[in-house]
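Inspection log for the structure reproduced underneath, given as structure tokens.
The values are calculated or read from the model by the stated rules, or taken from the named source; none is laboratory data. For clarity, every value in this text was computed on a predicted model and none was experimentally measured. A quick note on method: Cβ atoms are made from the backbone with ideal geometry, for glycine too, and the neighbour counts reach across all protein chains shown.
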Amino acid sequence: MRLRLYHHSDGARVAYREQGTGPPLILWHSELLSWKEFEPLVEELEHRYRVVLPDLPLHGDSEDRPHHPYSLDWLAEVVAGFCNDVGGSRPMVGGHGLGVELVLRAVAQGKLTPSKLVVMANRLHRGGAGDREWAAWLALARLGAVPGIDRVLMRGAPYALRPGRGRGLSARSNPQATELARQSFANAGGNSNLARSWGAFARTRPNCVQRELIEAYSRIDIPVLLLWPEEDPRCPPAAAEEALDLLPDAQLRLLAQTGHLAAYDDPVAVAREISAFCG
């Protein structure tokens, strides 16, 4: 896949890969992963869409310099700017975990109006206590601003996504998930800039119910696909069912025998649902 860079208005860079022809389909990955989370879908989708897979700031090859705020509002602004610039007028947008959480935030704030929205498993409006390891990583990341601790913190970053955890995120124990986890933070060791930036993000990330999102659901008047794995205890379908009742134009699809890394567990089923929804 071709590597390209988007530069936001404030200089923040977003690395992305793209492949295929047709209308753009932008997919944002989950926290602590990279664009490779959706790589298994490319073969199934590239003949119908221009598949665009960005790295979130703080992840992969994207922005990590500490002079940006890394608040949720800033990240949502960068995500919206990327989608509007790279995807053109009203692209199809979706994602998983933190990636789609930022997309939802951008849509709720009127910064982004996709033609269709694919929402894969994330905490939605609920608090973020479902993934203990993610919560533990955020707690450690808050120490990134402490001089002397920043480099130590990032030397230990690869252990946050140790290979065993990668396989645990797959309901089918897919060995490729192990490689995804290994690669996600392979180059983070000793990166003090990244440590300070993660510290800024962790200090501003709320862990409570997002009432502003609940209030915004009724205003998200675009087609929404809630695409949920059946076997991800971090993001149970109950949250999607609650959102389904509030979104004006939404549908819920459950993916059997899939976990947190649904694109690795059953890429054909995930791609089929996305294609059927996006047209």
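Points worth noting:
- When the stretch 94-112 is filtered for residues that are more than 13 Å from residue 216 (Cβ to Cβ) and at pLDDT below 95, the ones remaining, listed by number, are 97, 98.
- Only residues that are outside any loop (DSSP other than H, G, I, E, B) and either over 18 Å from residue 247 (Cβ atoms) or in contact with a helix residue (DSSP H, G or I) (Cβ under 6 Å, 6 or more places away or on another chain) (or both) were counted in the stretch 104-114, giving 3.
The rows are residues; the columns are (1) within 17 Å of the chain's Cα centre (by Cα); (2) of a type in the set (A, V, I, L, M, F, W, C).
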position: 195; (1), (2): no, yes
position: 205; (1), (2): yes, no
position: 221; (1), (2): no, no
position: 224; (1), (2): yes, yes
position: 249; (1), (2): no, no
position: 256; (1), (2): no, yes
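- Residue pairs meeting the criteria (Cβ under 7 Å; at least 6 apart or on separate chains; first in contact (Cβ under 8 Å) with a residue 40 or more places away in the chain, in the stretch 70-84; second of a type in the set (Phe, Trp, Tyr) and surrounded by fewer than 20 Cβ atoms within 10 Å (Cβ to Cβ)): 82/6
- Positions within the stretch 179-190 being at pLDDT 75 or above and crowded, with 19+ Cβ neighbours inside 10 Å, in sequence order: 180
- Out of 18, 31, 37, 44, one residue alone is within 10 Å of the chain's Cα centre (by Cα), of a type in the set (D, E, K, R) and modelled with pLDDT of 95 or more. It is 37.
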